[in-house]
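Written below as structure tokens is the structure these notes are about.
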Amino acid sequence: MRKESGSSGVLGSAYEWLDSIVTAMELVVVLFTFVFGNVSVKGTSMENTFRDTDKVIISNMFYTPQKGDVVIVSLNHTNDDSLSAQQDEDQRIIKRIIAVGGQKVRIDFDKGIVYVDGIAQDEPYTKTPTTLKYDLDFSEDVTVPEGHVFVMG
């Protein structure tokens with residue numbers, strides 16, 4: 001009786017590896033289609049946390065916004081909050097949630113201090129204090145509407 005050469009063992013092993021790689025690629029495609037998305041950071045407004053051209057993987061499954069979270073915000077708001085609709089938007093920005101619905105925000109632009117519910121925020125993640133006020137008036141408390149968040153960055 002003759003022992004078979006190892007070629008079928010090598011082919012079988014190669015087929016198992018190829019099958020595993022194809023299955024993994026299919027899983028990645030499904031996950032990035034329905035669960036995750038990726039975003040490129042544009043600009044320097046979130047330094048020191050993110051830098052221009054950084055890549056971020058995002059998901060909104062089972063997510064409830066909380067103060068301190070970093071989120072992707074669409075400037076072209078629609079009523080469709082699905083991840084695929086958010087990915088199709090041209091104007092998306094990455095920001096940090098400073099306050100959630102019901103909280104009060106006040107900003108002292110002269111001192112660069114952000115207050116939430118009257119408490120000065122410790123913001124070690126910021127590169128510079130909040131001193132640019134644009135056309136906004138936050139010298140008095142502004143209440144964040146329920147179901148909304150206040151973001152900065």
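Does D52 fit the bill of being among the acidic types (D, E), in a helix (DSSP H, G or I) and either closer than 30 Å to F150 by Cα or at pLDDT 80 or above (or both)? Give the steps one after another, and end with the answer.
On the way: among the acidic types (D, E): yes; in a helix (DSSP H, G or I): no; either closer than 30 Å to F150 by Cα or at pLDDT 80 or above (or both): yes.
No.
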Go through the residues of the stretch 68-81 one by one and say whether even a single one is within 20 Å of S45 (Cα to Cα), among the small types (G, A, S), open to solvent by less than 70 Å² (accessible area, probe 1.4 Å) and modelled with pLDDT under 90.
-> yes
Residues of the stretch 118-153 being more than 19 Å from the chain's Cα centre (by Cα), without any contact (Cβ under 8 Å) to a residue 24 or more places away in the chain and surrounded by 12 or more Cβ atoms within 10 Å (Cβ to Cβ), in sequence order, are A120, Q121, P129, T130, T131
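If a residue must be modelled with pLDDT under 80 and not small (G, A, S), how many such residues does the stretch 84-123 contain?
Here is the first cut: in the stretch 84-123, the ones modelled with pLDDT under 80 are 84-92.
Applying the additional criterion that residues be not small (G, A, S) yields 86-92.
The total comes to 7.
The values are calculated or read from the model by the stated rules, or taken from the named source; none is laboratory data. Just so it is clear, the structure is predicted and the values come from calculations on it, not from any experiment. No Cβ is skipped: glycine too gets one built from the backbone with ideal geometry, and neighbour counts run over all protein chains shown. SASA here: full protein model, heavy atoms, side chains in, ligands and nucleic acids out. Shrake-Rupley method; radii C 1.70, N 1.55, O 1.52, S 1.80 Å.
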